[in-house]
Amino acid sequence: MTAEQECVRSRHQEPWTVPETSGEGSGLGDDVVDAARGRAGEVRLLGAPGRPRGAPDRPAEIRNYEPADEASWLRCRVLGFLATNSYDDVWQVKRRTDLELVALDGDEVAGILDVSVPGAEATIDTVVVHPGRQGEGIATALLAEAVPRLERCGVRTLGAWTREDVPALNWFARNGFTELESCLHVHASADEVGTVLTARHGLVSAGAFLHARIEREAEMRQRFERVHVCRRMARELRP
């Protein structure tokens, strides 16, 4: 177990209320970042409660995810994905990870931030805002709560993977992330997959999800209808 994960396991915090900021135009929920790296296991929470921030416009309670949130969490994630290039990445159960924050609109989850912390380099697994609460700074408030906790537990780099959704890229840029590398996500349809894969044992290929080098973008876009640029973003945290 890493020192960072030990820190996560050993700290417990109670829910608190953060007055939501307004006018930031984050747009997240038009975007989502999702590395799909969550995993089953016990709840592991970072740090202690933060202090309220922002102007008291529409109060949003930010707290750790709880198992009772699952149905609302899944709805928020699905709806937040619909207008993005990850519209078909649907989960039926939540995948647990190290730092799990939610923003609540009453009893409903309005914002999500999940972070995996395997060591000094952490990765945002999911950040998304419900379409009805986008543009209010909820994603930024969730990030602002997460960063000090990650720093206290020894995390030095916070990374994420995102596709070419402009609101997502703008949000990362505003919050201090820079692009480190990129690759291609290729979704091959049933008609297209036969040009790259051969099925055996009586199976028939119905489609495939593939990775390719960014240098082959023009070629891939000629051969496949659905191709996305996936960018690795990163932000250095304070020691």
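The values are calculated or read from the model by the stated rules, or taken from the named source; none is laboratory data. Worth saying up front: this structure is predicted, and the values here are computed from it rather than measured. Positions of Cβ are backbone-derived with ideal geometry, glycine not excepted, and every protein chain shown enters the neighbour counts. Note: accessible area is taken over every heavy atom of the protein model, side chains too, but ligands, DNA and RNA are not part of it. Shrake-Rupley method; radii C 1.70, N 1.55, O 1.52, S 1.80 Å.
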Pull out all pairs, ordered by first then second residue, where Cβ-Cβ is under 6 Å, the residues are six or more apart or on different chains, the first lies in segment 77-106 and is within 18 Å of Ala139 (Cβ to Cβ) and assigned to a helix (DSSP H, G or I), and the second is aromatic (Phe, Trp, Tyr) and open to solvent by 20 Å² or more (accessible area, probe 1.4 Å). Phe81/Tyr87
The conditions are (1) closer than 29 Å to Ala71 by Cα; (2) at pLDDT 95 or above; (3) open to solvent by 40 Å² or more (accessible area, probe 1.4 Å), and Arg156 fails exactly one of them. Which is it? (1)
Of residues in segment 189-214 being polar (S, T, N, Q) and closer than 24 Å to Asn85 by Cα, the one modelled with the lowest pLDDT: Thr195
Within segment 189-207, restricting to residues that are part of a helix (DSSP H, G or I) and farther than 12 Å from Met220 by Cα, the one that is farthest from the chain's Cα centre (by Cα) is Asp191
Would you say Arg51 is within 30 Å of Glu164 (Cα to Cα), modelled with pLDDT under 95 and open to solvent by 50 Å² or more (accessible area, probe 1.4 Å)? no
Quick one: is Glu136 in a helix (DSSP H, G or I) and not hydrophobic (A, V, I, L, M, F, W, C)? no
Do any residues in segment 143-165 that are free of Cβ contacts under 8 Å to residues at least 60 places away in the same chain have Cβ atoms under 9 Å from those of residues that are part of a loop (DSSP other than H, G, I, E, B) and open to solvent by 10 Å² or more (accessible area, probe 1.4 Å), where the two are at least six apart or on different chains, and which pairs are they? Leu143/Asn175
Looking only at segment 170-188, count every residue that is assigned to a helix (DSSP H, G or I) and either modelled with pLDDT under 95 or crowded, with 20+ Cβ neighbours inside 10 Å (or both) and tell me the total. 2
Name the residue, out of Gly119, Gly137, that is surrounded by fewer than 23 Cβ atoms within 10 Å (Cβ to Cβ) and small (Gly, Ala, Ser). Gly119
Among the candidates Arg77, Arg63, Arg149, single out the residue that is of a type outside the set (Gly, Ala, Ser) and open to solvent by 10 Å² or more (accessible area, probe 1.4 Å). Arg63
